Amino acid sequence: MREDVNEKCAVVGIFGHEEASRLAYFSLHALQHRGQEAAGISASDGEKLRIIKKRGLVMQVFDEDALSTLRGSSAIGHTRYSTAGDDSILDAQPVFARYDLGEMAIAHNGNLTNAEEVRGRLIKKGAIFQTFMDTENLIHLIAKSEEDKLTPRIIDAVQKIEGAFSLVFLSRTKMFAMRDRFGFRPLSLGRLSNGGYIVASETCAFDLVGAEFVRDIEPGELLIFKEGREPKSIKIFEPTPKHCIFEYVYFARPDSLVFGQSVYQTRKNMGKELSKIKPVDADLVVPVPDGGVPSAIGYAQESGIPYEMGIMRNHYIGRTFIEPTQEMRDLKVKMKLSPMTDIIRGKRVVVVDDSIVRGTTSRRIIRMLKEAGASEVHMRVSSPPTTDPCYYGVDTPDKDKLIAANMTQDEICEYIEADSLAFLDEDSLLRSVNTKEDNYCTACFTGNYIV
Ligand code: AMP
């Protein structure tokens with residue numbers, strides 16, 4: 001059974017606004033970078049939950065008609081990022097169910113590490129699953145719980161799951177938001193201008209809908225929204241923060257505040273640190289767009305080497321990473337990025353990217369820059385070598401496909417055909433995220449898994 005279908009995604013919840021589904025829709029637009037595979041919204045008018053979900057981008061899934069059927073003052077939404085082969089529409093979210101207390105919908109960002117075990121137990125007791133998603137476990141756990149109200153059922157259910165989860169639940173009259181005890185994936189609370197509430201994976205959604213950032217949902221906290229009262233907070237687990245450092249490296253949008261810090265500033269810090277520890281004599285600093293831009297700016301500012309947009313990105317091509325075969329991925333990198341020949345020709349270029357995963361992108365880019373006439377290409381990566389897969393919701397491939405797990409840095413340098421290659425080290429990365437405490441998960445760079 002596939003374990004990897006509940007990957008890094010985005011969730012949003014709107015409570016207390018007559019255009020809830022529309023605000024959820026706009027928010028999902030802002031969160032589109034977290035998942036392009038499928039999108040969905042479920043809304044409640046107090047009596048009935050309605051849901052629309054489909055494969056495709058947010059803009060393709062919803063039109064005016066769709067949004068006007070999603071009536072009511074509360075809504076939750078989801079964008080999904082999946083790995084190759086998971087093409088079932090059943091795997092889109094939110095997941096909706098009718099059960100003895102009524103109706104509920106759940107949207108989930110993260111990966112449950114005991115999903116198979118829990119599912120096995122549920123199936124033994126007669127549960128029938130329709131999807132491969134971890135999220136369906138929660139539906140069953142809530143439906144089967146012996147508690148008589150939804151809130152204690154949710155509490156009961158989340159105590160049986162382990163791993164990474166930022167969740168939003170919708171019932172006919174309430175909305176719930178919850179983060180696992182480690183706070184792996186982000187989830188923030190904002191206030192809408194009419195006094196209603198928004199929760200979203202990233203604060204860039206707040207900016208779009210004109211909401212004010214209030215705070216992060218705490219690790220281990222359940223927030224309950226009910227009409228006519230302030231959200232009620234219940235601490236379900238003792239918080240032991242292990243935030244995903246890869247949110248800062250690659251995943252989150254630069255204009256978001258994630259784990260209380262600006263993603264843009266943090267990425268710029270990474271570039272500055274990289275320049276300090278891995279300087280190089282060169283004529284230009286060129287980012288790999290878009291991921292490498294903030295760290296390249298940091299690298300250029302710290303080193304004094306001029307920053308240039310030496311590579312153009314075609315924004316109408318989707319992410320290369322999600323394509324199923326290597327051949328397709330190669331082709332897509334070519335379609336997506338093209339060199340600015342006049343800028344590159346005859347120059348010693350430092351090219352900055354946020355990460356090297358399989359090595360395909362860097363190899364292509366360096367070839368492209370050399371073909372465009374660069375005299376030297378020095379690869380600088382603003383994160384440590386990605387040596388270990390993520391089990392908490394980031395879609396890294398298996399270890400055998402991670403170039404840094406299988407080659408030394410010299411071998412990688414040779415493989416990607418760079419004149420030199422350097423990565424940020426773990427200490428400098430932690431310095432860049434301004435933390436002295438050990439409250440980040442760095443398993444993708446260290447193999448130190450928490451659960
Ligand atoms: P690769 O060709 O596998 O080395 O891919 C590295 C590129 O993919 C970098 O430019 C990153 O910006 C980007 N990247 C890193 N991690 C991910 C991810 N989990 N999903 C999609 N793209 C990623």
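Picking from Asp100, Asp91, Asp63, which residue would you name as being open to solvent by less than 10 Å² (accessible area, probe 1.4 Å) and acidic (Asp, Glu)? Before you say what the answer is, go through the steps one by one.
Working: Asp100 fails: open to solvent by less than 10 Å² (accessible area, probe 1.4 Å); Asp63 fails: open to solvent by less than 10 Å² (accessible area, probe 1.4 Å).
None of the other options fit; the residue is Asp91.
For residues in segment 139-159 being closer than 23 Å to Arg179 by Cβ and without any contact (Cβ under 8 Å) to a residue 40 or more places away in the chain, which is farthest from the chain's Cα centre (by Cα)? Lay out the reasoning, then the answer.
From segment 139-159, those closer than 23 Å to Arg179 by Cβ are 139-143, 145, 147, 149-159; that's our starting set.
Now narrow it down to the ones that are without any contact (Cβ under 8 Å) to a residue 40 or more places away in the chain: 140-141, 145, 147, 152, 156-157.
Numbers: His140: 25, Leu141: 25, Ser145: 30, Glu147: 33, Pro152: 29, Asp156: 27, Ala157: 24 Å.
Going through the qualifying residues, I end up with Glu147.
Hey, can you tell me all the residues within segment 56-92 that are modelled with pLDDT of 95 or more and within 18 Å of the chain's Cα centre (by Cα)?
Passing the criteria: Val58, Ile76, Gly77, His78, Thr79.
Name every residue in segment 16-66 that is of a type in the set (Ser, Thr, Tyr) and closer than 26 Å to Leu101 by Cβ, in order of residue number.
Just the residues of segment 16-66 that are of a type in the set (Ser, Thr, Tyr), to begin with: 21, 25, 27, 42, 44.
Once the filter is applied, which keeps residues that are of a type in the set (Ser, Thr, Tyr) and closer than 26 Å to Leu101 by Cβ, segment 16-66 yields Ser21, Ser42, Ser44.
Please note which strands (runs of 3 or more DSSP E) are completely contained in segment 171-217 and include at least 1 residues that are open to solvent by less than 10 Å² (accessible area, probe 1.4 Å) and modelled with pLDDT of 95 or more.
Working: elements: 174-179, 188-191, 197-200, 212-216.
Result: 174-179, 188-191, 197-200.
Quick one: which of Gly271, Gly373, Gly304 is modelled with pLDDT of 95 or more, in contact with a Ser or Thr (Cβ under 7 Å, 6 or more places away or on another chain) and open to solvent by 20 Å² or more (accessible area, probe 1.4 Å)?
Working: Gly271 fails: open to solvent by 20 Å² or more (accessible area, probe 1.4 Å); Gly304 fails: in contact with a Ser or Thr (Cβ under 7 Å, 6 or more places away or on another chain).
Just one listed residue meets the conditions, Gly373.
Of the conditions (1) within 23 Å of the chain's Cα centre (by Cα); (2) open to solvent by 70 Å² or more (accessible area, probe 1.4 Å), Pro397 clears all except one; give me its number.
Only one criterion is unmet by Pro397, namely (2).
Could you count how many residues in segment 9-26 are over 15 Å from Ile106 (Cα atoms) and assigned to a loop (DSSP other than H, G, I, E, B)?
Total meeting the criteria: 4.
Which residues, counting only those in segment 230-265, are open to solvent by less than 40 Å² (accessible area, probe 1.4 Å), within 16 Å of the ligand (Cβ to nearest atom) and not in a strand (DSSP E or B)?
Scanning segment 230-265 gives Ile245, Phe246, Glu247, Tyr248, Val249, Phe251, Ala252, Val263.
Under 8 Å between Cβ atoms, which residue pairs at least 6 apart in sequence (or on different chains) link something in segment 352-376 that is more than 12 Å from the ligand (Cβ to nearest atom) with a partner that is in a helix (DSSP H, G or I) and of a type in the set (Ser, Thr, Tyr)?
Going by the 8 Å Cβ cut-off, the qualifying pairs are Ala372/Thr341; Gly373/Thr341.
Report yes if Met407 is surrounded by fewer than 19 Cβ atoms within 10 Å (Cβ to Cβ), at pLDDT 95 or above and within 13 Å of the ligand (Cβ to nearest atom), otherwise no.
On the way: surrounded by fewer than 19 Cβ atoms within 10 Å (Cβ to Cβ): yes; at pLDDT 95 or above: yes; within 13 Å of the ligand (Cβ to nearest atom): yes.
So Met407 fits the description; yes.
The values are calculated or read from the model by the stated rules, or taken from the named source; none is laboratory data. Owing to the predicted nature of the structure, the values given are computational and were not obtained by experimental measurement. We place every Cβ from the backbone using ideal geometry, glycine too, and count neighbours over all the protein chains shown. Surface accessibility is based on the protein's heavy atoms, side chains included, excluding ligands, DNA and RNA. Shrake-Rupley method; radii C 1.70, N 1.55, O 1.52, S 1.80 Å.
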